[in-house]
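Remarks on the structure that follows.
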Amino acid sequence: MLQVNFIRQNADFVKERLAVKHFARLNLIDELIDLDEKRRKLQFERDELQSRVNAASKEIGLLMKSGKKEEAEAFKAEVAAIKVKIEDTSALAELESAVHAILVQLPNLPAASVPIGRTPEDNVVVREGGVIPVLEAGSKPHWDLVSQYGLIDFELGNKITGSGFPVYKNKGAKLQRALISYFLDYNTAAGYTEYLPPHMVNEASAYGTGQLPDKEGQMYHAVADNFYLIPTAEVPVTNIYRDEILNANDLPVMMTAYTPCFRREAGSYGKDVRGLNRLHQFDKVEVVQLVHPDKSYEVLEEMVLHVEKLLQNLELPYRMLRLCGGDMGFTSALTYDFEVYSAAQEKWLEVSSVSNFEAYQTNRMKIRFKDGGGKTQLVHSLNGSSMALPRIVAALLENNQTSAGIRLPKAVQPYFGAEFIN
């Protein structure tokens, strides 16, 4: 969430940056400033009244000591009348609520390095790595391979739950477990602390990371308890430090977690939904950092290299993109996406996003730190996928299919216990 003082002091700049994200309701900035001005004026009036009460209370004490009881009583009546005005907080609360209602509708400001553009075609390829394989004649897409090798049963998942909830079995289930273990070990070796958080969160947690109110329609909602199934481990993990004040020497806080992820994917029907390309439930390992605001972009580059090295270890052809303003998430200031090449489908598949949210999330969650001078500041939050499994599995299966079976990358073989799936 953006901060009111910053918006008020930099209104034109805020409008210019929001326009990069193609945010259409720039009029909300002027509405916000107008409401906040009324709120500040009313708060000033209330503070003035409180000052009068404080001064009158001292005067009453002096009058009582000097025996001037009648004059003191007159002051008491005046103080009582003023207190009635002070205690009526409805107008101020209404203005504060109106200001907040606008604030939560404003996305984060994109960083200066965010490319201008509206669609994924406007994203900028930063670099590429790996070698795109040339498959033998008769090679198959992953949805045929998982059937051939008995790895995943989509129809069984449809029977048990519905479309988008696959059942992994036999070596398919083992591959999931192997990849999750490898990803977590890779992250903890880099200094991340592992967590296993709840897979449902309350409304405050979903609001804190920006899923509410922006992505309410994409989340599964357990209405009776008002809990939300998590769309990513970022939500519970970042909320571990909600309403906490850290010391500067506690930073950076580095966390990683495996969780299943649940997404309704409303409005996505017909868009690359076959096989593992788009699911309602999938496994993902996440990394999250809370850092000093002066270091967040340095840390962003470190996290990008961390994910890139993981893709290199998986021996997959990949490319890294800097997302344009129109393709960025609501809460992000700068996002890099990683895509791997699916040789049988002949297309790039997104497998990771690494983002700097600056103070947008931490302002909502009140995650702060005390600097060396004792001043309290908001930390910056970042997160990245390392990795989301479905499309990684799709690319691994398709790109590594041979007549002897599906060869797994060397880094994964010790976790799986074999070189080939056959």
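Values as computed for the structure displayed
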{"read-out": "Residue in the stretch 196-211 that is farthest from residue 260 (Cα to Cα), counting only those that are aliphatic (A, V, I, L, M) and buried (at least 19 other Cβ atoms within 10 Å of the Cβ)", "value": "206"}
{"read-out": "All positions within the stretch 358-399 that are of a type in the set (S, T, N, Q) and open to solvent by 30 Å² or more (accessible area, probe 1.4 Å)", "value": "376, 377"}
{"read-out": "Unique residue being free of Cβ contacts under 8 Å to residues at least 60 places away in the same chain and among the basic types (Lys, Arg) when the list is 174, 169, 140", "value": "169"}
{"read-out": "Matching strands (runs of 3 or more DSSP E) fully within the stretch 234-314 where at least 2 residues are open to solvent by less than 40 Å² (accessible area, probe 1.4 Å), modelled with pLDDT of 95 or more and farther than 21 Å from residue 220 by Cβ", "value": "253-262, 281-291"}
{"read-out": "Qualifying positions in the stretch 30-52 - touching a residue at least 60 places away in the same chain (Cβ under 8 Å) and surrounded by 16 or more Cβ atoms within 10 Å (Cβ to Cβ)", "value": "32, 35, 36, 39"}
{"read-out": "Test: residue in the stretch 53-61 that is of a type outside the set (Gly, Ala, Ser) and loosely packed, with under 13 Cβ neighbours inside 10 Å", "value": "yes"}
{"read-out": "Filter result for residue 360 (touching a Lys or Arg at 6+ places or on another chain (Cβ under 9 Å) and of a type in the set (Phe, Trp, Tyr))", "value": "no"}
{"read-out": "Hits in the stretch 357-416 - residues which are in contact with a strand residue (DSSP E or B) (Cβ under 6 Å, 6 or more places away or on another chain) and of a type in the set (Lys, Arg)", "value": "368, 370, 391, 407"}
{"read-out": "Top-ranked residue of the stretch 296-338 - restricted to ones that are in contact (Cβ under 8 Å) with a residue 24 or more places away in the chain and of a type in the set (Val, Ile, Thr), ranked as nearest to residue 215 (Cα to Cα)", "value": "331"}
{"read-out": "Qualifying residue in the stretch 248-264 (condition: more than 17 Å from the chain's Cα centre (by Cα) and of a type in the set (Gly, Ala, Ser))", "value": "yes"}
{"read-out": "Search result, residues across the stretch 319-342 that are of a type in the set (D, E, K, R), open to solvent by less than 40 Å² (accessible area, probe 1.4 Å) and either farther than 30 Å from residue 105 by Cβ or within 12 Å of the chain's Cα centre (by Cα) (or both)", "value": "339"}
{"read-out": "Residues of the stretch 216-233 satisfying the condition of being open to solvent by less than 70 Å² (accessible area, probe 1.4 Å) and either touching a residue at least 24 places away in the same chain (Cβ under 8 Å) or assigned to a helix (DSSP H, G or I) (or both)", "value": "217, 218, 219, 220, 226, 228, 229, 230, 231, 232, 233"}
{"read-out": "Filter result for residue 298 (farther than 17 Å from residue 128 by Cα and among the acidic types (Asp, Glu))", "value": "yes"}
{"read-out": "Pairs, first free of Cβ contacts under 8 Å to residues at least 40 places away in the same chain and among the basic types (Lys, Arg) in the stretch 355-377, second part of a helix (DSSP H, G or I) and open to solvent by less than 10 Å² (accessible area, probe 1.4 Å), C-beta under 9 Å, six or more apart", "value": "none"}
{"read-out": "Answer from 208, 191 - the residue that is on the phi > 0 side of the Ramachandran plot and small (Gly, Ala, Ser)", "value": "191"}
{"read-out": "Residue, farthest from residue 245 (Cα to Cα), within the stretch 343-357, restricted to residues that are in contact with a helix residue (DSSP H, G or I) (Cβ under 7 Å, 6 or more places away or on another chain) and crowded, with 24+ Cβ neighbours inside 10 Å", "value": "351"}
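The values are calculated or read from the model by the stated rules, or taken from the named source; none is laboratory data. All of these numbers come straight from a predicted model, not from anything done at the bench. Counting neighbours? That spans all protein chains shown, and the Cβs are built from the backbone with ideal geometry, glycine included. All accessible areas refer to the heavy atoms of the entire protein, side chains included, with ligands and DNA or RNA removed. Shrake-Rupley method; radii C 1.70, N 1.55, O 1.52, S 1.80 Å.
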